[in-house]
């Protein structure tokens with residue numbers, strides 16, 4: 001059985017841990033609010049580009065672009081967004097587990113797919129498993145700017161345009177609430193659904209100069225890149241929500257452990273006092 005000194009030392013260390021987890025919870029809550037704002041503020045930009053691109057793609061003018069057309073799939077690309085740090089509950093584990101399962105179902109050989117990964121956790125896992133990493137980026141800021149991933153987003157879209165990939169998917173945790181994140185797979189390219197959209201009430205709302213085809217060629221890569229950045233902002237909100245929830249649970253667990261240890265300590269202290277009283281009484285009786 002542990003001594004009173006050991007129990008007291010454990011109570012002290014648990015209290016220090018509780019202070020750390022409580023501070024991390026508060027920091028994550030503040031970062032979550034800002035990350036949610038960033039994700040929501042970026043949505044109108046993506047939606048407007050989608051509206052314009054869909055308007056062109058669904059027009060009666062004959063418009064064609066490789067990003068709008070399906071082709072035989074020889075190689076698939078996966079853009080995977082994880083975090084650089086742990087202590088976020090199952091945030092990374094649930095995402096990577098679902099992705100690895102899907103890859104195993106879809107592909108028989110590593111030659112059939114490639115991975116573009118954001119975040120140290122995912123990068124290290126994929127390296128350990130010898131999966132084909134085509135591009136990687138780590139050390140993104142907590143509130144990322146588009147310039148931080150501009151090159152990665154552009155080269156990833158270019159790899160589809162150049163035929164290295166025949167389809168691209170984004171994998172990330174979609175923010176539902178601070179306690180709920182959904183593992184999400186979104187098809188990035190080709191954008192076959194755009195051509196099927198109809199812009200109710202927007203017909204004839206745009207005049208394109210110099211031409212619809214030229215505008216489409218400029219906007220489609222930008223739209224695909226914006227989808228990657230939008231997913232990153234969403235994933236960041238999910239990360240901070242998951243970390244806040246995990247640190248809240250850790251704080252609660254520390255509180256419960258402190259209560260249990262304090263009870264054990266008090267019982268041990270009471271037993272020691274009782275033992276001392278018994279010894280004193282016994283010694284006094286022996287002297288009579």
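At positive phi, crowded, with 20+ Cβ neighbours inside 10 Å and touching a strand residue (DSSP E or B) at 6+ places or on another chain (Cβ under 9 Å) - does that describe any residue in the stretch 157-176? Checked the stretch 157-176: no residue is at positive phi, crowded, with 20+ Cβ neighbours inside 10 Å and touching a strand residue (DSSP E or B) at 6+ places or on another chain (Cβ under 9 Å).
So that you can scan it fast, the table gives a plain yes or no per residue for (1) surrounded by fewer than 18 Cβ atoms within 10 Å (Cβ to Cβ); (2) at pLDDT below 95:
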{"site": "179", "(1), (2)": "yes, yes"}
{"site": "211", "(1), (2)": "yes, yes"}
{"site": "220", "(1), (2)": "no, yes"}
{"site": "240", "(1), (2)": "no, no"}
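Scanning the stretch 89-112 for residues that are without any contact (Cβ under 8 Å) to a residue 24 or more places away in the chain and exposed (fewer than 14 other Cβ atoms within 10 Å of the Cβ) gives 97, 101, 104, 105, 108, 109, 110.
Filtering the stretch 137-147 for residues that are assigned to a helix (DSSP H, G or I), assigned by TED's automatic domain parsing to the domain that holds residue 31 and touching a residue at least 24 places away in the same chain (Cβ under 8 Å) leaves a non-empty set. Selection within the stretch 113-123: residues that are touching a helix residue (DSSP H, G or I) at 6+ places or on another chain (Cβ under 8 Å) and outside any strand (DSSP E or B). The member of this set that is surrounded by the fewest Cβ atoms within 10 Å (Cβ to Cβ) is 121. Looking only at residues of the stretch 43-88 that are over 26 Å from residue 146 (Cα atoms) and at pLDDT 90 or above, we find that the one that is surrounded by the most Cβ atoms within 10 Å (Cβ to Cβ) is 75. What about residue 8, is it out of contact with any strand residue (DSSP E or B) (no Cβ under 8 Å at 6 or more places or on another chain) and either surrounded by 14 or more Cβ atoms within 10 Å (Cβ to Cβ) or within 30 Å of residue 175 (Cβ to Cβ) (or both)? Taking the combined requirement at face value, the residue satisfies it.
For residue 235, state whether it is on the phi < 0 side of the Ramachandran plot, outside any strand (DSSP E or B), assigned by TED's automatic domain parsing to the domain that holds residue 57 and at pLDDT below 85. No. I'd like the residue in the stretch 256-288 that is farther than 30 Å from residue 19 by Cα and either under 58 Å from the mean Cα position of the chain (by Cα) or not in a helix (DSSP H, G or I) (or both) and, out of all such residues, is modelled with the lowest pLDDT. The extreme case among them is 288.
Evaluated against (1) assigned by TED's automatic domain parsing to the domain that holds residue 214; (2) more than 30 Å from residue 219 (Cα to Cα), residue 21 falls short on exactly one condition, (1).
The values are calculated or read from the model by the stated rules, or taken from the named source; none is laboratory data. Just so it is clear, the structure is predicted and the values come from calculations on it, not from any experiment. Don't worry about glycine lacking a Cβ; one is built from the backbone with ideal geometry, like all the others, and counts go over all protein chains shown.
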